[in-house]
């Protein structure tokens, strides 16, 4: 059994005990423990079940590479699935549960998969569930989804908050082991601004466990001197618990700081995502130890040798009384020596090499440990925990020579440099035969904008696995080398996704040559650990099966993030009220107070309607329409785009932008205009006012203001840069109120201050003045067919002016109205709406707006586009009005059906609805829509399809349903 | 007529830095380039010289900031905007320029305290350690455009009026 040793443990504080739970069991640990260390100290060797076969799994590693020991961490609003116990710091009250088992960790029904493993080979899902087709969706997938999967998805909103922060430095060092610390100091000595990131809570990397001396000094002394040196410098920032997880172009690095994972609920943000812009990046990310592929290498108690060393030295955890060490390199001997030093037994070191003669093997022999060279593990004995190993010759086929009882196995298949950060932006790799691993190729680094190397790699990450440089590590990919299929069937490559040596070999036999295809077919390296332990071993198996070499097979692509990053950190502050910007007009609060029901228009929120008590939204809209048509309606039109265009060439410029002529517009007058893109499609519309000889004010749609302003600047800056025109977007400078209805003029007269009579201010003119003391510009324009004024006031007076209009309008029957009422009224008049009648494929001619297109102008944006044969085709769908024969409302999005069906068996179409409403004024459904050869078909009856099936008949007519002669607005 | 009301009516929040909305503040967007009379025209309104690229020249309650190669932001008391526009019209008569009142189109915040830069560093991709006094940055605050500069033991930040509540909530949240 695994247990806590009586003394030692450099990271734990024995005076600070903590209590935690695992699957409801109350366990004890110490401050400084990781959850994995705490579990091992309590003999919790088995911590989960595997993904596919539900095999018992234990802790394999001691860092972020851990594939097995993932838990559901926390409860309720703090539940997080797939948390790695090896990087989770233990704290008092921590709750954890194991994953992927049912009904319990100890007894799991899914383990039956283990016995039918031969029916679950590589590519099993692809092969088995493909037929019959409907079965996948309705039978296979639901079952697989329930029985597979790792952690539980949280069902509550996250109780914690997250934030992001920007940082800048000359040199960013990622990894604070010996190499990283030295790199940081060297840069700091040069006066450079340095940021040093370390994923663990402490500095030093593996040195305190693996080394006795650094630069001739005892390791702890060297480390503490270095720490205080760096801490004392103003130009060095050290961030622990911070994983630099992604390198992007131009020295951009993302890092995840685990601010309060270990102190939940203390008010600090749980994580902080750092967005760092670095002049130079130093990757000092170390190396990850590789497992060896022997039968039963996944049984709880089999652990990476380096990890076991960490548990013994850092946390004073004994993995068991007797540990067999199995290795192809010298580093694992350190584990044997550490176990011995802790008073534990190492019955044997099985070394796959024929000879082991270095200082470490000699030290092991001197310590009385039995070293067997040329040997391998034939098989690990045990089910839920290791009970022993059988020994064979590495060169053979697994004939058992000896059986050694033990509680734990420490394995080392060599070390793979962590080349991820080097590779994220295109750094290339070399295969290094000395250490049997991929290392960064310094000749082919990821590049900066100027062609210089963006990332430099130091220490173990560069292949210098020890402080003295490179050890020799021979390749050992299968143990024993001639292992039969029964053994290869139980050699795990990817623990988390349950991929075995035999699966990769099968994929190769089935013709998978590309490593990227093999990865996806077998799911090797596709789990949450992204193959940190399995990739190289898997590549080696694939290369061997293909009779190829590892460098020829190559690696899969290294992509950020290096370790999983919680979505909360990526979202940062963007949740709740500040999820996204919400644009508010100056009258927004008044609308809220009036109980408005809002709808999004771009990022604006506009009142859709103002429902009264007991009213549905539909009833409210009908009331607003009727009141505006009979009395007086008030609309907050502040969101309308307003762009000033000024200069000697402004008229010429606007003549190019609009399809009509704006240069001839007299000062004081307004003109409706259309804007098209170069292809001729209608892009925006609005009323243009001539302010003075040099200046125009262009109104755009609410959603189009920023886009049209950018469009103008694009043409002025990139194409017509020598034209003397300046623009300014003054949309937000003005609150704008539409005063609409038969009593509109009366309201302005009550407010008082300027002459708004028919004679002084006729239709399509504007005037500056004051109303009720407010400085205003009044435009007499109408989007409803009613007598209507749009009144612009400085935004700082918007709320007060809106209130003044309501107050003065009381006696005149004034009611505020929303966007839906606006829509209904404009549809009754046959006015088009950008986004309803247009969708990027519609030209003005389709909408019968030929009158707004100048025939005289030599050019305007869209002119040539509209002359293309397809757009000039008389068969195009054209805008018409429609009246259903039964008075009903045509469904939104309905098509006008035609005879016959198309190649897909769908009904042919000859048009579609663009706007459809119930008209409270006409008391029937009205619609506008595009119909093939529409104008020639007035009086014809066509059929719209409906959601319920069937069709609704409608008569084709013109688009102006109400007050065709414009008598209402012309008063 | 009512008094002008700024977007949030002077809202404030106190975290590890102090956030407050200021204003209404007079602001004029002036677009012009290479005009001989420009120096004088600006001096007459703000009392400052023409700012160099990415700089803001401050003179008491008036200032002139460089916004782009052909755009300046003039800051002055709200009540003086009309007179300033008239002054510009006079100084720049006959020249090609555009001067518009944008006082009401903006919201202005002050972020103050020893740790003010920390608040902004969570929202704005700007190296505040290297932001010089008198340097004006046009950048973004989380998801919206903003301009900012160091002034009097803190920062002044300008954004569009419609997103004033969003920016205030961001700043208050970031100073928790």
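Bear in mind that the values in this text are calculations on the coordinates, not laboratory data. It should be emphasised that the depicted structure is a prediction, and the values quoted were computed from it without experimental measurement. Methodologically, a virtual Cβ is constructed for each residue, glycine included, from the backbone with ideal geometry; neighbour enumeration extends over all protein chains shown.
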Query - Taking all pairs of distinct alpha-carbon atoms in the stretch A:641-732, Kirkwood radius in angstrom - result: 12.8
Query raised in the report: Measuring from a point 7 Å past the Cα of residue A:803 along Cα-to-C-beta, which residues in the stretch B:6-50 have an amide N at less than 17 Å?
Result: B:6-11, B:24
Report summary line: Per the rule of 0.36 nm per residue minus the C-alpha distance, extending residue A:924 to residue A:470 adds in nm 154.9 nm
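Among A:322, A:868, which comes first, then next, by fewest other beta-carbon atoms within 10 Å?
Listing A:322, A:868 from fewest to most nearby Cβ atoms yields A:868, A:322.
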Query - Computed FRET value (nearest 0.05) for residue A:10 with residue B:22, which takes r as the C-beta separation and R₀ as 56 Å - result: 0.55
Requested in this report: For chain B, with a Gaussian network of springs between Cα atoms less than 10 Å apart, report the residue from B:60, B:113, B:134 with the top mean-square fluctuation.
Outcome: B:60
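Would you order B:58, A:439 from fewest to most other beta-carbon atoms within 10 Å of each residue's own beta-carbon?
The most exposed by this proxy come first: B:58, A:439.
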Query - With Cα atoms, 0 to 90° folded angle of helix A:617-630 axis to chain A main axis - result: 30
Query raised in the report: Per residue of A:159-172, what is the mean number of Cβ atoms on other protein chains within 10 angstrom of that residue's Cβ?
Result: 3
Query raised in the report: For the stretch A:280-362, what class follows from the C-alpha gyration tensor (a ≥ b ≥ c being the square roots of its eigenvalues): rounded when a/c is under 1.5, otherwise prolate if a/b is larger than b/c, else oblate?
Result: rounded
Query raised in the report: Ranked by Cβ crowding within 10 angstrom, fewest neighbours first, how are A:871, B:30 ordered?
Result: A:871, B:30
Query raised in the report: What is the helix-to-structure angle for A:178-189, meaning the angle in degrees between its Cα long axis and the longest Cα principal axis of chain A, kept from 0 to 90 and rounded to the nearest 10?
Result: 60
Report task. Starting from the Cα gyration tensor of the stretch A:857-971, take the square roots of the eigenvalues, sort them a ≥ b ≥ c, and report rounded, prolate or oblate (rounded when a/c is under 1.5, otherwise prolate if a/b is larger than b/c, else oblate). Result -> oblate
Query raised in the report: Of the residues B:138, B:161, B:130, which exhibits the maximal mean-square fluctuation in a Gaussian network model of chain B defined by a 10 Å Cα contact cut-off?
Result: B:130
Query raised in the report: Cα axis of helix A:705-714 to longest principal axis of chain A: angle in degrees, 0 to 90, nearest 10?
Result: 80
**Report entry** Shape category assigned to chain A from the gyration tensor of Cα positions, a/c cut at 1.5
**Finding:** prolate
Query raised in the report: Say we join alpha carbon atoms closer than 10 Å with springs in a Gaussian network model of chain B; which of B:45, B:126, B:100 then has the biggest fluctuation?
Result: B:100
Requested in this report: Pop a pseudo-label 7 angstrom from the Cα along the beta-carbon direction at both residue A:904 and residue A:850 and give the gap in nm to one decimal.
Outcome: 3.4
Requested in this report: Using only atoms on other chains, find how many Cβ atoms lie within 10 Å of each Cβ of peptide A:723-731 and report the average.
Outcome: 5
Query - Contour minus Cα-Cα distance for residue B:14 and residue B:135 (0.36 nm per residue) - result: 41.0 nm
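What number, rounded to the nearest 500 deg cm²/dmol, is the helix-based mean residue ellipticity at 222 nm of chain A, given -39500 (n - 2.57) per DSSP H run of at least four residues and division by all its residues?
The per-residue figure over chain A is -5500 deg cm²/dmol.
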Report summary line: Between the alpha carbon centres of the stretch A:589-667 and the stretch A:732-809 the gap in Å comes to 13
**Report entry** Whole-Å distance, taken between Cα centres, linking the stretch A:172-223 and the stretch B:99-152
**Finding:** 36
Query raised in the report: By per-residue mean of other Cβ atoms within 10 Å, what is the highest-first order of A:773-785, A:546-558?
Result: A:773-785, A:546-558
Report task. Taking every Cα atom in the stretch A:380-470, find the radius of gyration and the maximum pairwise distance Dmax, and write them in Å. Result -> 19.9, 61
